[in-house]
Amino acid sequence: MNKRRISQTFFNKTTLSIAHSLLGCYLVRKVGRKVQRAKIIETEAYVGLKDKASHASRGLTRRTEVMFGLPARAYVYLIYGMYYCFNIVTAKQGYPAAVLIRGVILNNKLINGPGKVCRELKINKKINNENLLLSKKIYLERGNKVPGVKIKSAPRIGVDYAGKWKYKKWRFFVK
């Protein structure tokens with residue numbers, strides 16, 4: 001058992017708190033014998049049915065089904081028909097909420113943008129609904145806690161269609 005691996009208790013917080021707490025943690029991806037550990041440096045939260053920036057605002061669909069499921073599951077979807085995005089489901093079953101991983105440090109290299117993160121870590125639709133607590137393919141590890149003074153928040157990116165919800169400062173990143 002990996003003692004650094006994040007457990008179920010990590011998810012006993014609000015989605016915004018989880019988005020903040022993920023900074024400094026590691027997203028670990030295993031493909032064959034190759035293991036990559038990417039330090040999470042930017043996240044973005046999506047919370048509930050009323051959040052017009054969230055896929056869940058359109059209700060329960062085949063695409064959003066994972067968001068309505070158990071916490072600590074991978075929610076992976078395709079945007080613009082070409083880029084995968086990796087999210088972590090964060091709330092209790094039945095309440096759709098997730099955190100998008102927007103940026104990581106991998107092998108001392110900045111990977112900025114959710115599509116680039118997925119490309120570098122070979123994350124695709126096959127990872128959708130993977131249990132991050134039990135998976136051998138992809139999981140989360142605790143990292144060094146980032147001091148609050150180094151964490152900044154800003155409005156989410158690419159959600160201009162979301163009305164007042166586009167102004168929510170639910171994107172967190174390490175300065």
query = For residues in region 90-99 being among the hydrophobic types (A, V, I, L, M, F, W, C) and crowded, with 24+ Cβ neighbours inside 10 Å, which is farthest from LEU140 (Cα to Cα)?
reply = ALA97
key: ASN131, sole failed condition from (1) in contact with a Lys or Arg (Cβ under 9 Å, 6 or more places away or on another chain); (2) under 17 Å from HIS20 (Cα atoms)   = (2)
task = Go through (1) within 16 Å of the chain's Cα centre (by Cα); (2) more than 24 Å from VAL47 (Cβ to Cβ); (3) of a type in the set (Lys, Arg) and name the single condition LYS109 misses.
result = (1)
message = I'd like to verify a number: residues in region 13-60 that are at negative phi and among the small types (Gly, Ala, Ser), how many?
response = 9
remark   = Those residues of region 66-109 that are in contact with a helix residue (DSSP H, G or I) (Cβ under 9 Å, 6 or more places away or on another chain), within 15 Å of LYS126 (Cα to Cα) and among the β-branched types (Val, Ile, Thr) come to a total of 2
message = So, in region 1-13, exactly how many residues are within 14 Å of the chain's Cα centre (by Cα) and exposed (fewer than 14 other Cβ atoms within 10 Å of the Cβ)?
response = 0
remark   = Listed by range, strands (runs of 3 or more DSSP E) wholly within region 1-84 having at least 1 residues that are without any contact (Cβ under 8 Å) to a residue 24 or more places away in the chain are 34-47
remark   = Of those in region 44-65 that are touching a Lys or Arg at 6+ places or on another chain (Cβ under 7 Å) and surrounded by 21 or more Cβ atoms within 10 Å (Cβ to Cβ), the residue nearest to ILE123 (Cα to Cα) is GLU44
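Bear in mind these aren't lab numbers, they're just calculated from the coordinates by the rules spelled out. Just so it is clear, the model here is predicted, and its values are computed rather than measured. Counting neighbours? That spans all protein chains shown, and the Cβs are built from the backbone with ideal geometry, glycine included.
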